[in-house]
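I have placed the structure first, in the form of structure tokens, so that the comments after it can refer back to it.
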Amino acid sequence: MSLNVQSLTGGYTRIPVLKNISFNINDGELIGLIGLNGAGKSTTIKHIMGLLNPFEGTIEIDGLTISEQPEEYRRKIGFIPETPLLYEELTLKEHIEMTIMAYDLDSSIAWSKANELLKMFRLTDRLDWFPTDFSKGMKQKVMIVSAFIIDPSLFIIDEPFLGLDPLAIRDLIGLMEERKDDGASLLMSTHVLANAERICDRFIVMHEGQIFAVGTLSDLREHFKMPKASLEEMYSQLADKEGF
Amino acid sequence: MIVSELFKKRTGYYYRQLGKYLKYVFNDHFVIALLILLGAVGFTYSNYLETVEPDALLPRLILFAFIIIVIKTGGIRTLIQPADGIYLLPLEKKIGPVMRKNLIYSLIFSIFSAFLMAFLTAPLVLVLNQSEEQASVIWIATVLIAKTADTLLSYYSFKLNKAEKENKVRLMTNSALFSIVFMTLFYSLLIGFLLSLALMFLLGMYILDSDKKTIWNWERLIDSEQKRVQAIYKIINLFVETPYGNNKVKRMKPLDAFINLFDRRTDLHSYYISRVFFRQTSFSGLYIRLTVIGAVILALNSSTWLSVLISLLFMYLIGFQLLPLKQLLDKTVYFKLYPVKDTDKIKAIQKLISKVLLITAILFSLASYSGGMDSIIVLAANLLFVYGFVRFYIPKRLG
């Protein structure tokens, strides 16, 4: 079992944003994290990343916790943030070199992976540029390349589709499915429910810092008694009924 | 909300923020170093005044550069914020009175600072021009008029939306300013003064005419205010972390060769900060400026002990301005996510600062060569300083 979150309560200050949430992601599983703005998706992600400390509960990746083995724990995670985070002072090439150094990757293997991805995203001739000058979609592509070359066992992908062109969305989905088949776990937070429905194995529906429902599409259909409904239909129905 | 009211609130907030941060600046022992430095520079300057030849070229060139810098630095405090480009657009006309107030305020402030600099340089100008003491009034007046003209030019450029026209006015005013200062220093005080009056008259006519049109160039307003505020906070950032530490980054590809000399690609933090050092102009630019100014002062100075003092002070300033590299490492989320140890940050900074300071130490020692043992004494003092600064001061200050 790759990621295991047990009765996690946490938040930024002393007021808990997340209230006692538990879930797990198995190897080779892609989970969609769904909820309205402010439901607690990003806070959950920050806790898993180790940017926030839980008030209560535990988070384990392959049995490791951040407090006991911080370096090994961090090496397991590849992160694609919602807003691209880039070094103002470094070129695209140097971003990749930084990643190689930080995660102690084998340089030639990592570069051959990187070159393949750069070619896929048509970034090869921009290696000497500052990515901070790129468009939103191109920055996002840089983040994708950096995350995929480290070959983590857990991918955390926060709202990946915004700003990407249709080709890149197709390629990203292809990459995610490829990694999934290799046994990696993926946690994806998104509002693009049509994409989520198409690629996710299971869904976690969050509301006000709690997990409202977990399961596959058919589990959710059964749970909400809406056979044949799409994720989007179920979600808006649910939101209206429950007064989300 | 009434626009003037909004800007009154902003002015209050702006000064409260500045005051809050300046408290930290003036509480630091850096200020004592600066005072000693000012004293040493003043002492060198007054000694120098007695020896300078009226037909010397070097002091004229230095003075020329200095006065041009005085005239061209500083801008108009507008307190325009980036979001105004969206929210205040419909209030275009109501911005006019507020901006005129800003102009008057900025004029008073810049005239005051220009007066101070003109007053301090007046004795040197008198010696160079072999004139009577009354002539210093003409010098000061010329500098003040030139400064006013430059401030008016910046105000005027807020209203220009056409690049060609703006470039023309800017080019003309700037070349007029250059020739005024040049005439004053190399030819005659009086002619420079008369030229400055003529420039002021022409520019004034032009701007009064254009002020009637009220379309503001918002992009420029926002951009210039951002730059101005960042320049202020760049200095404050040396002492205390502020949320305004956004710096200009330049690619400067030719420097990649130097970066490779500095960084052997062995450790993550070094890799990052050596690139930051070269490409963030606030770090590398200030380093080069301080090294050059220090070297020039050392070359002009002949007293051994003063040389040692000046050299050490400049070394301290250079080392000191590099300390905020730590803030940068702390602020970057990635260094929290990477699987690396936290203690390496200070080690990387020590490595970079010691390399940079060693280069300056050697340059300063060469600059202070004047036939005797000066160079060797300065070098020894500098090396001792580098050891102490890197080994003891940095861990204490950043740890």
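Apply the a/c threshold of 1.5 to the C-alpha gyration tensor of segment A:153-207 and tell me whether it is rounded, prolate or oblate. It comes out oblate by the Cα gyration axes.
Among the GluC sites (Glu not before Pro) in segment A:68-144, those located in a DSSP loop and surrounded by at most 12 other Cβ atoms within 10 Å of their own Cβ are A:E68. Of B:T73, B:L88, B:Y24, whose Cα points farthest to the positive end of the dipole of segment B:21-95 (charges on the beta-carbon: +1 Lys, Arg; -1 Asp, Glu; origin at the Cα centre)? Among B:T73, B:L88, B:Y24, the one farthest towards the positive end of the dipole of segment B:21-95 is B:L88. For the charge dipole of segment B:133-227, defined by +1 on Lys and Arg C-beta atoms and -1 on Asp and Glu C-beta atoms about the Cα centroid, which residue among B:L185, B:V143, B:L195 has the Cα displaced farthest towards the positive pole? Of the listed residues, the answer is B:L195.
Here segment A:88-173 yields Rg over Rh of 0.93, to two decimals, using C-alpha coordinates and the Kirkwood radius. Counting, for every residue in A:74-80, the Cβ atoms of other protein chains within 10 Å of its Cβ and taking the mean gives 2. When only alpha carbons are used to place a centre, segment A:20-77 and segment B:1-36 end up 42 Å from one another. Averaging 1/r over every pair of different alpha carbons in segment B:6-133 and inverting the result gives a Kirkwood radius of 18.6 Å. Counting only alpha carbon atoms, the long axis of helix A:166-181 and the longest principal axis of chain A meet at about 80°. Along its principal axes, segment A:74-136 has C-alpha extents of 28, 23, 21 angstrom, given from the largest down.
Only Lys, Arg, Asp and Glu carry charge here, each on its Cβ (+1 for the first two, -1 for the last two); on that basis segment B:3-236 has a dipole of about 1260 debye about its Cα centre. Helix A:231-242 axis versus longest C-alpha principal axis of chain A: approximately 50°, rounded to the nearest ten.
Once Rg and the Kirkwood radius are both taken over the C-alpha atoms of segment B:128-271, their ratio Rg/Rh works out to 1.13.
The charge dipole of chain A, taken about the Cα centre with unit charges on the Cβ atoms of Lys, Arg (+1) and Asp, Glu (-1), comes to about 560 debye, rounded to the nearest 20.
In plain terms, the residue of B:V169, B:V333 with the fewest other Cβ atoms within 10 Å comes first and the most crowded comes last, giving B:V333, B:V169. Partner shielding of B:266-272 amounts to 4, given as the average count of beta-carbon atoms from other chains within 10 Å of each residue beta-carbon.
Sorting check: for B:259-266, B:216-223, B:171-178, which peptide has the highest mean count of neighbouring beta carbons within 10 Å, and how do the rest follow? Let's see the in-between values first.
On the way: B:259-266: 13.4, B:216-223: 17.2, B:171-178: 15.8.
Those peptides, ordered most packed to least, come out B:216-223, B:171-178, B:259-266.
According to the square roots a ≥ b ≥ c of the eigenvalues of the Cα gyration tensor, what is the shape class of segment B:189-333, taking rounded for a/c under 1.5, prolate for a/b larger than b/c otherwise, and oblate for the remainder? Since a/c reaches 1.5 but b/c is at least a/b, the shape of segment B:189-333 is classed as oblate. By the gyration tensor of its Cα atoms, with a ≥ b ≥ c the square roots of the eigenvalues, what is the shape of chain A: rounded for a/c under 1.5, prolate for a/b over b/c, or oblate? Taking the square roots of the gyration eigenvalues as a ≥ b ≥ c, chain A is prolate. Entry for chain B at q = 0.12, 0.14 Å⁻¹: log10 I(q)/I(0) = -1.16, -1.37, Debye formula applied to identical alpha-carbon scatterers, no solvent contribution.
Projected over every direction and averaged, the convex hull enclosing the alpha-carbon atoms of the protein assembly as shown yields 34.5 nm².
Whole-Hz Karplus values for segment A:209-214 come out as x, 10, 8, 8, 7, 9 Hz, taken residue by residue from phi with 6.51 cos²θ - 1.76 cosθ + 1.60 and θ = phi - 60°; glycine and proline positions read x. Only one residue of B:L313, A:G209, A:M234 has its Cα farthest out toward the positive end of the dipole of the protein assembly as shown, where Lys and Arg carry +1 and Asp and Glu -1 on Cβ, and that residue is B:L313. Under a 5 Å amide H cut-off, with hydrogens placed 1.01 Å from N, A:H207 pairs with A:F212 among residues at least 5 apart or on other chains.
Close amide H partners of A:D27, meaning residues 5 or more places away or on another chain with modelled amide H under 5 Å apart, are A:S2. Put simply, segment B:3-236 fits an ellipsoid with semi-axes of 35, 25, 13 Å; these come from the alpha carbon gyration tensor as the roots of five times its eigenvalues, largest first.
Reported to two decimal places, what Rg/Rh ratio describes segment B:253-398 when computed on Cα atoms with Rh from the Kirkwood expression? Display every interim value, and only then the final one.
Values: Rg = 16.3 Å, Rh = 16.0 Å.
Rg/Rh: 1.02.
Derived scalar couplings between HN and Hα for segment A:126-141 equal 10, 4, 9, 9, 7, x, 5, 8, 6, 6, 3, x, 5, 4, 4, 5 Hz in order, rounded to whole Hz, by the Karplus curve 6.51 cos²θ - 1.76 cosθ + 1.60 (θ = phi - 60°), x for Gly and Pro.
Taking amide H as placed 1.01 Å from N in the peptide plane, A:F79 has its amide H under 5 Å from the amide H of A:I156, each at least 5 places away in sequence or on another chain. To the nearest ten degrees, helix A:107-120 and the longest principal axis of the Cα atoms of chain A are 70 degrees apart. Taken about its Cα centre, the protein assembly as shown carries a charge dipole of about 1820 debye when Lys and Arg each add +1 at the Cβ and Asp and Glu each add -1 at the Cβ.
Only the coordinates and a few stated rules stand behind these numbers; no lab work does. What you see is a predicted model; the values in this text were computed from it and never measured. We place every Cβ from the backbone using ideal geometry, glycine too, and count neighbours over all the protein chains shown.
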